Amino acid sequence: MERVVALGRRVLPRGWRDFGLQIGIWFGFYFTYLAVRHLTDRDPAKAVVNGLRVISFEQHVTHHLFELSVERVADSSQFLLTASAWTYWNSEFTVIGLTLLWIYLRRHEAFKRFRNTILLANVVGLLGFWLLPTAPPWMFPDKGFVDGVNHSSALLQTFGNSYAAMPSLHAADALIVAWFMVSTSRTIWAKALWTLWPLWVWFCVIATANHYLLDVLAGIGVAVASLLATAWFPRIFGRLRAAGPAIANLL
């Protein structure tokens, strides 16, 4: 037991108690998120209509479905298609989980904002799924879309939401991860690689027919809004706290 305590003091920035608290926050949010998201998966007809509306809007604006061109690029190489599918499955929970752990252990000063930004973006995304359930491209093979991953797996059927295309949280979370990894990395090559990460994820979610271009753009908007919110809120609260005594003296 003493060795475990000593290891925590040596490795963990704030000891085992805080580390356990952060794990509890993350997994508590994750399972609550899954439960609530599952409740939003209740109106397939509305989701299909919204998916068709997205397709119609993109065709009206661009006169071509950009997603089909991206799919053709991925289909030209088995390696590229496999890498795209692997990225789709792992860019959310695997990469985010490892990034949270790395920043917590090695760049702890950035951890709180990183955690809060991810949580905020996913809450906003959950509201989007509830207000605008949207069937993803792979549900419309008649439009030329080809499913790039196995959506028939029992695990996905149990924990997934088939109508959570809008906004793309894959796109949002990839941008947030890249933002913090670029800002905390200390080598040029690491910064360069992480700069490319969201571009690669955006390509993959479109190439596998899991998201429309409009979903990705909406996800980018969610990420930017969340980053701005977690930067501004502490400053606003700090100013209000500092102004509190002065305001109280005036009353």
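Worth a mention:
- Averaged over its residues, the range 28-98 has an accessible area of 59 Å² per residue, based on protein heavy atoms and a 1.4 Å probe.
- Solvent-accessible area of the range 29-147 (1.4 angstrom probe, protein heavy atoms only): carbon and sulfur portion equals 68 percent.
- Shape call, the range 190-232: gyration tensor on alpha carbons, a/c limit 1.5: oblate
- Taking a ≥ b ≥ c as the square roots of the Cα gyration tensor eigenvalues, the range 45-86 comes out oblate, since a/c reaches at least 1.5 and a/b does not exceed b/c.
- Residues of type lysines that residue 143 reaches as a straight line, Cα spacing below 28 Å, ignoring anything fewer than 8 places off in the same chain: 46
- Listed by chain and number, the lysines placed with their C-alpha closer than 22 angstrom to that of residue 191 are 112; residues fewer than eight positions away on the same chain are left out.
- Annotation: amide H-H contacts under 5 Å for residue 134 (H modelled 1.01 Å from N, sequence separation of 5 or more, or interchain): 164, 165, 166.
- Scaled against the 2.2 N^0.38 Å expected of a compact globular protein of N residues, the Cα radius of gyration of the range 53-184 reads 1.19.
- Candidates per trypsin sites (Lys or Arg not before Pro) in the range 161-237, loop by DSSP, up to 13 other Cβ within 10 Å: 186
- Mean Cβ count within 10 Å, highest first, over the residues of peptides 119-128, 25-34, 81-90, 68-77: 119-128, 81-90, 68-77, 25-34
- Between the listed residues 69, 167, 54, the Cα displaced farthest toward the positive end of the dipole of the range 52-210, a dipole computed from Cβ unit charges relative to the Cα centre, is found at 167.
- Taking amide hydrogens as placed 1.01 Å from N in the peptide plane, the amide H of residue 208 sits under 5 Å from that of no residue at least 5 positions away in sequence or on another chain.
The values are calculated or read from the model by the stated rules, or taken from the named source; none is laboratory data. As the structure is a prediction and not an experimental result, all values here were calculated from the model. A quick note on method: Cβ atoms are made from the backbone with ideal geometry, for glycine too, and the neighbour counts reach across all protein chains shown. Surface areas here come from the heavy atoms of the whole protein model, side chains and all, with no ligands, DNA or RNA. Shrake-Rupley method; radii C 1.70, N 1.55, O 1.52, S 1.80 Å.
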